[in-house]
Amino acid sequence: MNPASIPPILYSFRRCPYAMRARMALNVSKVDHVIREVELKNKPTAMLQASPKGTVPVLVLPDDRVIDESLDIMRWALAQNDPEGWLSSSDAINQAMNELISINDGVFKFHLDRMKYPNRYDGVDPVEHRDEAVKLLAPLESRLQNHAYLFGNTPMLADVAIFPFVRQFAHADTEAFSALPYSALQTWLMKWETSVLFNTVMIKRSVWKPNDLT
Ligand SMILES: N[C@@H](CCC(=O)N[C@@H](CS)C(=O)NCC(=O)O)C(=O)O
């Protein structure tokens, strides 16, 4: 195989929500790529050489460019091909999507981590953090009461970027999630979890070893 024929390589961890959204964007874009499943406790040297910060996902392009932020990987994939229109032709909508994603990646993730893993932090009350996270889900519910997806009647970047984190929240206590007065959000989550796209990117892979062909 000559170097030009090596497709983009995605270092990924199946259960990582950031890696999930990157895999979903790559899959929908139909850009040829290979996935290398890694163990977070034993990251491959090739991945760390490409991106020393040591987080997944990492995309290594055939020309050796490295993209090591999941949102940048999503945007790169959609810039190659966006057959389902996940990016809008309106700058205002793209801006509004980015703002919603920032809240998810910032303050929602902050509360989610403290709710799920209170022992990793000092003086943290998981119930308080859960309450804060629930408040942040309310604007998503309002949007979804108006249309099936966050920005209209078709899936877009914001849905895919945010869904893996709402899924983590729901899975932390599925009964409590079902009891929330957020029926549109519950329907939206179920739609994503049962989607062909999500289930395709969640297929189990064996851990990549440097001697593997791809
Ligand atoms: N901002 C990064 C965050 C990625 C991230 O934090 N990934 C986690 C796994 S979900 C990770 O690789 N953590 C490093 C580790 O656990 O060693 C992105 O969006 O790609």
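Quick note: the coordinates plus some simple rules give every number you see, no bench work behind them. In this text, all values refer to a predicted model and were calculated from it rather than measured experimentally. Neighbour counts run over all protein chains shown; Cβ positions are idealised from the backbone, glycine included.
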Options M202, A176, H147, ranked by Cα towards positive dipole end of segment 102-212, top entry (Cβ charges):
M202
So which residue, out of D68, D173, D122, gets the largest mean-square fluctuation from a GNM of the chain using Cα contacts under 10 Å as springs?
D122
By the Cα gyration tensor axes a ≥ b ≥ c (a/c under 1.5 gives rounded; else a/b larger than b/c gives prolate, otherwise oblate), the shape of segment 150-206 is oblate
Here the gain from full extension of L213 to N146, 0.36 nm per residue of separation minus their alpha-carbon distance, amounts to 19.3 nm
Grab every C-alpha pair in the chain, bin the distances at 10 angstrom width from 0 up to the longest one, and report whole percents.
8, 32, 35, 20, 5, 0
Which percent, to the nearest 5, of DSSP beta bridges fully inside the chain are antiparallel?
60 percent
Eligible aspartates and glutamates near K135 by straight Cα distance, threshold 20 Å, same-chain separation 8 or greater:
E99, D105, D113, D125, D159, D173, E175
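What ranking do Y121, Y11, Y18, Y149 get, fewest neighbouring Cβ atoms within 10 angstrom at the top?
Arranged by neighbour count, lowest to highest, Y121, Y11, Y18, Y149 become Y121, Y149, Y18, Y11.
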How large is log10 I(q)/I(0) at q = 0.11, 0.16, 0.24 Å⁻¹ when the Debye formula is applied to the Cα atoms of segment 91-197, each weighted equally and without solvent?
-0.33, -0.70, -1.43
Projected onto their principal axes, the Cα atoms of segment 3-84 stretch, largest extent first, over whole-Å spans of 36, 30, 16
For segment 68-79, what does the Karplus curve 6.51 cos²θ - 1.76 cosθ + 1.60, with θ = phi - 60°, yield as ³J(HN,Hα) per residue in whole Hz, taken in order and with x for Gly and Pro?
10, 10, 4, 5, 5, 5, 4, 5, 4, 4, 6, 5
Which entries of K41/K209; K30/K204; K41/K191; K116/K209; K109/K209; K116/K204 have Cα-Cα distances beyond 21 Å here?
K41/K191; K116/K209; K109/K209; K116/K204
Counting each DSSP H run of 4 or more residues in the chain as -39500 (n - 2.57), what helix-only mean residue ellipticity at 222 nm follows after dividing by all residues, to the nearest 500 deg cm²/dmol?
-15500 deg cm²/dmol
Under-5 Å amide H pairs with I35, H placed in peptide plane, nonlocal only:
L10
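Among DSSP bridges having both ends in segment 3-84, what percentage is antiparallel? Round to the nearest 5.
The answer is about 60 percent antiparallel.
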Can you list residues from other chains, or at least 5 along the same chain, whose modelled amide H is less than 5 Å from the amide H of Y149?
T154
